[in-house]
Amino acid sequence: MRPLIAGNWKMNLLRRQGADLAAAVARGLRGTDAGVDVTLFPPFPAVAAVVEAVADSEITVGGQDLHAEDAGAHTGAISGPMLLDMGATRVLVGHSERRQEFGESDEVVNLKLKAALRHDILPVLCVGDTHDEREAGQTEAVVERQVRTGLEGVVTGRAAEITVAYEPVWAIGTGVTATPDEAAAVHARIHALLQELWGQAAESVRVLYGGSVTPGNAADLLTRPGIEGALVGGASLDARDFCAIVRAACA
Ligand code: PGA
């Protein structure tokens, strides 16, 4: 399966800075074997500028969130049609920072994911256990609940449009990565669950790993079966590091 390397810039970079970083990534990847899909997730105000900056490349652009409704009285929110209008083709749903800071439940995440599909925007469903949940041995149960509820009502015919990202909350921005064995075990569980939901169609679903991915650990993680790419936060803000992670996925 073609790996996907995605850069989640979070709440960083002004429009010009975002366009410059995206252009540097596009330059850095020029001539790289085209065996990897690459998506950048800038903050909303920079999406259109980044789309323009990567127009001559294979890089695609996504939003970091969307509202479940298409329009209406939802102050501060961004809808699927607005993302499309800016040229975004993917969207993150249920990132742990949205769950924790903005109180998004699995049910809300599910509505957002279905809103993305309604507009043919490719959703990346983010799931992950907290430190306490892992200590309590609840990792599998938590991830299973997040995947099942997040994908509730998604028919088999749409499986190919879905990406799942396993991001242990304790590994995000901490410099502590799950070991390749720990990550691979959860990925295997997620793949089994997807298989149960969608049968053979689940084989086209990529499950990314996220949480302190760097050029130093990317190869170890990406060579494990069941890890079909990475969702990169901090290291995606540096063009050299991000391109090195993409190259690790090519290898
Ligand atoms: P990190 O973030 O790479 O900085 O840990 C990953 C993410 O939150 O998607």
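Given 47, 51, 38, which one is of a type outside the set (Lys, Arg), within 22 Å of residue 228 (Cα to Cα) and buried (at least 19 other Cβ atoms within 10 Å of the Cβ)? Selected residue: 38, the only one of 47, 51, 38 that is of a type outside the set (Lys, Arg), within 22 Å of residue 228 (Cα to Cα) and buried (at least 19 other Cβ atoms within 10 Å of the Cβ). Contact map, the range 1-26: residues that are more than 30 Å from residue 191 (Cβ to Cβ) paired with residues that are surrounded by fewer than 23 Cβ atoms within 10 Å (Cβ to Cβ) and of a type in the set (Ser, Thr, Tyr), Cβ distance under 7 Å, separation 6+ or inter-chain. Pairs shown: 26/57. For the range 224-238, the tally of residues that are within 15 Å of the ligand (Cβ to nearest atom) and either out of contact with any Cys (no Cβ under 8 Å at 6 or more places or on another chain) or part of a helix (DSSP H, G or I) (or both) stands at 10. Are any residues in the range 149-166 assigned to a loop (DSSP other than H, G, I, E, B) and within 14 Å of the chain's Cα centre (by Cα), and if so, which ones? Matches in the range 149-166: 162 only.
Number of residues in the range 1-17 that are more than 10 Å from the ligand (Cβ to nearest atom), among the basic types (Lys, Arg) and part of a loop (DSSP other than H, G, I, E, B) equals 1. Residue selection: residue 110 fails the criterion of being part of a loop (DSSP other than H, G, I, E, B) and either within 19 Å of the chain's Cα centre (by Cα) or at pLDDT 95 or above (or both). Only one of the numbered conditions (1) part of a loop (DSSP other than H, G, I, E, B); (2) among the charged types (D, E, K, R); (3) without any contact (Cβ under 8 Å) to a residue 12 or more places away in the chain is violated by residue 85, and that is (1). Of all residues in the range 142-157, none satisfies being within 28 Å of residue 246 (Cβ to Cβ) and surrounded by fewer than 18 Cβ atoms within 10 Å (Cβ to Cβ). When the range 98-107 is filtered for residues that are in a helix (DSSP H, G or I), within 16 Å of the ligand (Cβ to nearest atom) and either over 16 Å from residue 44 (Cα atoms) or among the aromatic types (Phe, Trp, Tyr) (or both), the ones remaining, listed by number, are 99, 100, 101.
For the range 3-55, filtered to residues that are at pLDDT below 95 and of a type outside the set (A, V, I, L, M, F, W, C), the residue that is nearest to residue 239 (Cα to Cα) is 30.
Taking the criterion of being among the charged types (D, E, K, R) and either touching a Cys at 6+ places or on another chain (Cβ under 9 Å) or not in a loop (DSSP other than H, G, I, E, B) (or both), the only residue of the range 48-78 that qualifies is 52.
The values are calculated or read from the model by the stated rules, or taken from the named source; none is laboratory data. Only a predicted model underlies this, so the values are computations on that prediction, with no experimental measurement involved. Every residue, glycine as well, gets a Cβ built from its backbone with ideal geometry; the counts of neighbours run over all protein chains shown.
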